Amino acid sequence: MKKSVFFGSVTAVALAASGALAAEGDTLKEVKARDVLNCGVNTGLIGFAAPDANGNWSGFDVAFCKAMAAAVLGDATKVKYVPTTGQTRFTALSSGEVDLLARNSTWTFQRDTDLKLDFIGVNYFDGQGFMVRKDLGVSSAKELNGATICIQTGTTTELNLADFFKANGMDYQPVNIDSNAEGEQQYMAGACDAYTTDASGLAATRASFADPENHIILPEIISKEPLGPAVRHGDNNWGDIARWTLYALIAAEEYGVTSANIDELAKSSQNPEVQRLLGTTDDMGKMIGLDAEWAKRAIKAGGNYGEIFAATIGEQTPIGLARGLNAQWTQGGLMYAMPFR
């Protein structure tokens, strides 16, 4: 018994020291030593991050976790997915429980400064909307005066909702929820007239219903919600790794690099930007503590940004989202990677 207590104590101390090391700014060293990436994700949002019946995670945000693991550890499967709610996600990151937060989180001034998070870029340009049942007979959010509305606590949607109703001289009754799963349950049980969150989240939630055709997403988008992965403030190198992994996925789509042709392009491309991206010239990886092919592995893990979008939340999936603002800048969208040079 004494031995069990002793070793348990040693393990607890080791884990605490490990988390402290990560929190103090040497995340790359910690992740390599652990040989697994701890990635904070949603508790379950179809299309973005959700486990199947066997506990295998997939989705748009999950794909970024895999890309990071491939870049840093050489293996996209070396990820521990840590489910987080709207209230626990930032604490999990700042405490060192997770190395990276990829959980459809909005980049805001307060989160960037007061919470001391570093958002490494935008991976989805979104906006807050409303979903209601068709039989409610509502076609605009401006017809929701006096409605009960399900809303996740600890999110930007709370303030946006209050601002929208105040600006339009309307009243509402909030029904507070902690997770999308609870929101779906309360909404389907009739506890609220409308559910409000990011429009992409509404589309994902509706796709999980047995009768999605009986629910509509109202036309009003009441806010800007630039969603993106985040790391802890103060670990600049880890932030660079995450930022440039995202840029690698976006740049790969721009330059026509896909999971299918990447090996061939690594050998034959005459585009200097592609050569640097894939590590065939100029070892960019050494600048961030990685090898020359880190970006190539990240892209091979799940494809370029466009491939990931199409496979997880695109128009041919149950979520059915169009690229819109998330199209490449060359296609009239806002997706833009910094140059690899």
Counting only residues that are part of a loop (DSSP other than H, G, I, E, B), open to solvent by 20 Å² or more (accessible area, probe 1.4 Å) and closer than 12 Å to Cys150 by Cα, how many does segment 180-220 have? 4
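Here is a yes/no grid of residues against (1) surrounded by 18 or more Cβ atoms within 10 Å (Cβ to Cβ); (2) farther than 19 Å from Asp26 by Cα:
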| residue | (1), (2) |
| --- | --- |
| Ala63 | yes, yes |
| Asp75 | no, yes |
| Val79 | yes, no |
| Ala92 | yes, no |
| Thr106 | yes, yes |
Taking Gln87 as meeting all but one of (1) at pLDDT 95 or above; (2) more than 21 Å from Asn168 (Cβ to Cβ); (3) open to solvent by 30 Å² or more (accessible area, probe 1.4 Å), write down the number of the exception. (1)
Tell me which residues, restricted to segment 287-334, are hydrophobic (A, V, I, L, M, F, W, C), over 17 Å from Ala260 (Cβ atoms), crowded, with 18+ Cβ neighbours inside 10 Å and touching a Gly at 6+ places or on another chain (Cβ under 9 Å). Trp294, Ile313, Ile319, Leu321
Looking for whichever is farther than 16 Å from Thr27 by Cα, part of a loop (DSSP other than H, G, I, E, B) and out of contact with any Ser or Thr (no Cβ under 7 Å at 6 or more places or on another chain) here; the options are Gly86, Gly121. Which one fits? Gly121
Select from segment 238-260 the residues that are among the hydrophobic types (A, V, I, L, M, F, W, C), assigned to a helix (DSSP H, G or I) and open to solvent by 10 Å² or more (accessible area, probe 1.4 Å) and list them in ascending order. Trp244
Is it true that Val132 is farther than 25 Å from Ala67 by Cβ, open to solvent by less than 30 Å² (accessible area, probe 1.4 Å) and in a loop (DSSP other than H, G, I, E, B)? no
Quick check on segment 245-258. Is at least one of its residues without any contact (Cβ under 8 Å) to a residue 12 or more places away in the chain and over 17 Å from the mean Cα position of the chain (by Cα)? yes
Is at least one residue of segment 207-224 under 24 Å from the mean Cα position of the chain (by Cα), basic (Lys, Arg) and more than 19 Å from Gly314 (Cα to Cα)? yes
Can you work out which of the residues in segment 148-175 that are surrounded by 14 or more Cβ atoms within 10 Å (Cβ to Cβ) and of a type in the set (S, T, N, Q) is farthest from Gln87 (Cα to Cα)? Thr148
Hey, any hits in segment 261-271 for a residue that's part of a loop (DSSP other than H, G, I, E, B) and in contact with a Phe, Trp or Tyr (Cβ under 9 Å, 6 or more places away or on another chain)? yes
List the pairs whose first member sits in segment 94-110 and is over 26 Å from Gln128 (Cα atoms) and in contact (Cβ under 8 Å) with a residue 40 or more places away in the chain, whose second member is of a type in the set (A, V, I, L, M, F, W, C) and open to solvent by 30 Å² or more (accessible area, probe 1.4 Å), and whose Cβ atoms are under 6 Å apart, counting only residues at least 6 apart or on separate chains? Gly96/Ala23
Any chance Asp291 is touching a Phe, Trp or Tyr at 6+ places or on another chain (Cβ under 9 Å) and in a loop (DSSP other than H, G, I, E, B): no
Would you confirm whether or not segment 196-211 contains a residue that is out of contact with any helix residue (DSSP H, G or I) (no Cβ under 7 Å at 6 or more places or on another chain) and of a type in the set (Lys, Arg)? no
Here the qualifying pairs (Cβ atoms under 6 Å; residues six or more apart or on different chains; first in segment 72-92 and within 20 Å of Gly302 (Cα to Cα) and without any contact (Cβ under 8 Å) to a residue 60 or more places away in the chain; second outside any helix (DSSP H, G or I) and open to solvent by 30 Å² or more (accessible area, probe 1.4 Å)) come out as Lys78/Val36; Lys80/Val36; Tyr81/Trp57
Evaluate segment 58-65: report whether one residue or more is in contact with a helix residue (DSSP H, G or I) (Cβ under 8 Å, 6 or more places away or on another chain) and under 15 Å from Ile241 (Cβ atoms). yes
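The values are calculated or read from the model by the stated rules, or taken from the named source; none is laboratory data. What you see is a predicted model; the values in this text were computed from it and never measured. Every residue, glycine among them, receives a Cβ derived from its backbone with ideal geometry; neighbour counts consider all protein chains shown. Each accessible area value is taken on the protein alone, full model and side chains, heavy atoms only, with ligands, DNA and RNA left out. Shrake-Rupley method; radii C 1.70, N 1.55, O 1.52, S 1.80 Å.
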